[in-house]
Amino acid sequence: MIHLDRYPREVSLRNGARLVFRPMVPEDVDRLWAFFRMIPPEDRMFFRQDVSRRDVVQRWADTLDYETVLPILALEGDRVVGDATLHRQKAGWKQRVGVVRIQVAPDYRHQGLGTAMIRELRHLGEKAALRYLMAEILEEQDAAVRAFEKLGFRHAAVYRNFANDQKGHMHNLVVLLYHMASAPADDMSL
Ligand SMILES: CC(C)(COP(=O)(O)OP(=O)(O)OC[C@H]1O[C@@H](n2cnc3c(N)ncnc32)[C@H](O)[C@@H]1OP(=O)(O)O)[C@@H](O)C(=O)NCCC(=O)NCCS
């Protein structure tokens, strides 16, 4: 079990904005739904579910189980500006592998928030005694590939024409892996 007593946690961005990181709670449905509606269609096209539907977000809230999916929200005041999730399996051979996803509001990008959220996920992965973090990213999402690489994730595989977007077009999927033991001791500070 991951102890969540470090939250709420304050984080400053390069432009001086002060955000709070904390786990999603059921009362966040409308905030999170508003966040997803701000995501440009070209990014939303790659989502696994149709997050423009409130009932989809409501279902997440109704079934929150941090041991399976831990969503960390970045908030400025009452507004959600970032969402990072750590997905885990409670049993089986993937128990020590965490799958990570991040999403930053367009007007908060390039300020270090994505980096801070990936660091947060690495920290949580460490606390959960995971061996690997895995990010699955469509090749076109080069900002995301670079953001993960910058923090030590390495290309493990490229699956050609593997993933379909919401219009049915096929894309290459890049699998990036982070080996937890490779975390520098002083790099968990953000
Ligand atoms: C990927 C994403 C989360 C990055 O968030 P961000 O807050 O802009 O990230 P940062 O400001 O910390 O930037 C991290 C690094 O990403 C890279 N990067 C950011 N924007 C970039 C862009 N438009 N083009 C190329 N590289 C970019 C840079 O290497 C940057 O490091 P630097 O600032 O030291 O140069 C954001 O672009 C996003 O939400 N994209 C859509 C969703 C997505 O692709 N999610 C990944 C699926 S898991």
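A few points about this structure:
- Qualifying residue in region 150-166 (condition: of a type in the set (D, E, K, R), touching a Phe, Trp or Tyr at 6+ places or on another chain (Cβ under 8 Å) and over 15 Å from ASP43 (Cα atoms)): yes
- Condition check for MET134: outside any helix (DSSP H, G or I), of a type in the set (A, V, I, L, M), under 14 Å from the mean Cα position of the chain (by Cα) and at pLDDT 95 or above: yes
- Matching entry among VAL57, VAL25, VAL69, VAL20 (being under 17 Å from the mean Cα position of the chain (by Cα) and either surrounded by 19 or more Cβ atoms within 10 Å (Cβ to Cβ) or small (Gly, Ala, Ser) (or both)): VAL57
- Set side by side, the residues SER52, SER12 differ, and just one is in contact with a Lys or Arg (Cβ under 7 Å, 6 or more places away or on another chain) and open to solvent by less than 50 Å² (accessible area, probe 1.4 Å), which is SER52.
- Cβ-Cβ distances below 7 Å connect the following pairs, each with a first residue in region 101-126 that is within 6 Å of the ligand (Cβ to nearest atom), a second residue that is outside any helix (DSSP H, G or I) and of a type in the set (S, T, N, Q), and a separation of six or more residues or different chains: ARG101/THR85; GLN111/ASN15.
The values are calculated or read from the model by the stated rules, or taken from the named source; none is laboratory data. Small disclaimer: the values here were computed from a predicted structure and weren't measured. Glycine gets a Cβ as well: all are built from the backbone with ideal geometry, and neighbour counts include every protein chain shown. For accessibility, only protein heavy atoms count, side chains too; no ligands or nucleic acids. Shrake-Rupley method; radii C 1.70, N 1.55, O 1.52, S 1.80 Å.
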